1. Have a look at A:LEU45, A:LEU25, A:LEU101 and point out the one that is modelled with pLDDT under 95, surrounded by fewer than 22 Cβ atoms within 10 Å (Cβ to Cβ) and under 27 Å from A:GLN358 (Cα atoms).
2. Take the stretch B:215-274 and flag every residue that is small (Gly, Ala, Ser) and more than 14 Å from chain A (Cβ to nearest Cβ).
3. Of all residues in the stretch B:177-193, count the ones that are of a type in the set (A, V, I, L, M) and surrounded by fewer than 18 Cβ atoms within 10 Å (Cβ to Cβ).
4. Do we have any residue at all in the stretch A:45-62 that's aromatic (Phe, Trp, Tyr), under 22 Å from the mean Cα position of the chain (by Cα) and away from chain B (no Cβ under 14 Å)?
5. Would it be correct to say that A:ALA260 is out of contact with any Ser or Thr (no Cβ under 8 Å at 6 or more places or on another chain) and either of a type outside the set (D, E, K, R) or outside any strand (DSSP E or B) (or both)?
6. Considering only the stretch A:217-257, state which residues are in contact with a strand residue (DSSP E or B) (Cβ under 8 Å, 6 or more places away or on another chain), touching a residue at least 12 places away in the same chain (Cβ under 8 Å) and assigned to a loop (DSSP other than H, G, I, E, B).
7. Report, by residue number, each residue of the stretch A:338-347 that is surrounded by fewer than 17 Cβ atoms within 10 Å (Cβ to Cβ) and in contact (Cβ under 8 Å) with a residue 60 or more places away in the chain.
8. Taking B:ARG196 as meeting all but one of (1) farther than 24 Å from B:TYR55 by Cβ; (2) surrounded by fewer than 17 Cβ atoms within 10 Å (Cβ to Cβ); (3) of a type in the set (Lys, Arg), write down the number of the exception.
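The values are calculated or read from the model by the stated rules, or taken from the named source; none is laboratory data. In this text the structure is predicted, and so the values were computed from the model without any measurement. A quick note on method: Cβ atoms are made from the backbone with ideal geometry, for glycine too, and the neighbour counts reach across all protein chains shown.
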Amino acid sequence: MKRSKLLTVVVLGLLLRPALAQPGLSETARQRVRQNFENVALDTLNHTVYYEQRLYRNPFIGLAEMRQVLDDRRIKAFVPMIQGVPVGRYMLNSSLDMEPLSEDERKSYYQQSPFRWQNYKFDFWIQPVFAAIFGNRERPVQSNTSVLLQTQLYLFRGLVFNGGILFPITNHLDGRPQIIRPAPLFLNYFRAIGQSQFLSATAGTFYNDRYGINLQYRHMDLSSPWSFGLEAGLTGFYYYPRGGIYYTNLNELLLQADVAYRLPVPDLTLKLSGGQYLHNDRGVRFDFIRQFTNVEVGLYAMKTRNGATAGFNFAIPIPPGKILQGERARLRTGEEFRWEYTYSRGFSIGERYRVGYQLDQRLRQYHQNYLNRQYLQLR
Amino acid sequence: MVDVMCNRRGGLILPFLLLFFSIGAYAQMNISGKPGLIYIPSAWAAEESSFSFGYKYNPVHYAFRQNRRRSESIYHVNLAFLPRLEINLNLLRMNGDLRVQDRGIGDRQLDIKYLLLKETSYRPALSIILSAPFGIDNSFSSNAIVASKTIPLLPSFYADVTVGYGSPYYILREESEKTNFDIFSNLQLRKKKELRYRYLSGPLAGLNVRYGKKGGLLVEWDSQHLNLGAYAMLWKRWTMQAALLNGDQVTFGTSYIIDLTPLPKRLRTSDETK
């Protein structure tokens, strides 16, 4: 894409062109779908649309909806963004093709379409969190269940503050008070470097009672099978006793490296990772991850100094998705519920914590083959 | 299963009929939630990217854990993880008031099934089923090889024939829960004969005579007993079944199938997304 005059239009801008409406959705329905998007910019010269959507865990639904409501049918290139940062250029031809964006192309977009936090909604979502161990004789499911009301504030391009309130429901896992307390509060910075390198840096209070800093780097060409990543984190333990906060020093190092290979058919990723986990445990882990259309299911096995175990994990969208939505504000359910089951418990085998998103999980949703297989369903 | 009869020699009518039994053959889930009959599994693979979940009641005389003492509830999920590979998770819970040492969430078991050969016009489908060896109480393990073939009878009526062999051995990990930190340790080969109930230990055979995919009658030899049953499928997704085990006690269950592939209908039916 050449440096060009870029027509920056916010969601509102799209609405200025209702005259060319296609048969199919009614105009009111189209306007409703348009509200699913944020920070929309049209580059009519290059027939490209830039947009962000936070509603669906499957980016293809966003892409297909954007195509559905674009009045300008000449627009062939779709650039979804994460936290204001373009991920790649997707073209809907006879198949779905993907081109990485160059540093210059990103810069040109940044110049033409400066970051404005007003381009984003006040977005609130409901996120269930469930941690459990099984096997206790008296209480077979010991769980820590809570519901989070979360939001994000976009500070500048790439940088987002995540926060919310946690409402406890059950707690059999620890003796801590069941009080309404802050949900994880953290800053996350997402950045694309060059064509296919991505960075996610997070600082604040995380899930699984850890706080601190976490850095994730991934080299991933979104149209090729190989990718690799590095992760480093320095965290301490924290929780909210009644009337305060308890925390330890930043004393635990998490260091991970991984290499992944993605088989296009049937959307299966093989991932070998290893390094240092929490509790000074060291070892390796092997994951098989299958991406179904809206659901991801993984199987894994790991061997560390503390033992060997196996399990499975999954990520599913949380119905109903959108609850209330307007131009400026939205209430929805979280875009995914992610859960992992480990066969062994109580031996601290390969344990880790969770920040807002894992870079590899987020990026593999943008892989060309994954999106293309869905695109072919529509053709 | 669909390529089953779309063979070079197939007549005009066969590929057409196929539409019916492509789902019918595996609508029925056995006691552990795998495509199959009552106790025995069949060789057909679950449809690509299908996910099913369900419940089975196992009566007291045929209970796996505490045979002749406690009936059981079995909860199961089955996922076609890869085109030829299925993953099956089941949770076996004993019914009734339990002694403290028998309480808990129940026995969780992970089984995999791999389709070795797809069915063609002249050969049956062939699958191998293996239970993950890392459980510390494998009373319900499925280690078997099965072959299945569909024979058209009358228009819309089919006979699904399954034969197989269940391993008389299983793998047990003798481990206390307190030191259960290595799933690959202490693996031992044990004889199923030592168990109170020998599930799938020896020759297996089954016949499902069905009408399209709407329902069928089942008869099987599960290596120990002769069982008779029937099932019906509603709205192409919901199966209900019941069977008489060994002319003695009744088992029943239900399961529901979801396909994880399709995009939302509003996108599939829209012209504007194409």
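1. A:LEU101
2. B:GLY215, B:GLY216, B:SER223, B:GLY229, B:ALA230, B:ALA232, B:ALA242, B:ALA243, B:GLY247, B:GLY253, B:SER255, listed by residue number.
3. So the answer is 2.
4. Looking for residues that are aromatic (Phe, Trp, Tyr), under 22 Å from the mean Cα position of the chain (by Cα) and away from chain B (no Cβ under 14 Å), one finds at least one in the stretch A:45-62, hence yes.
5. The answer is no for A:ALA260.
6. Hits for the stretch A:217-257 are A:ASP221, A:LEU222, A:SER223, A:PRO225, A:TYR240, A:THR248, A:ASN249, A:LEU250, A:ASN251.
7. A:TRP339, A:GLY346
8. So the condition that B:ARG196 fails would be (1).
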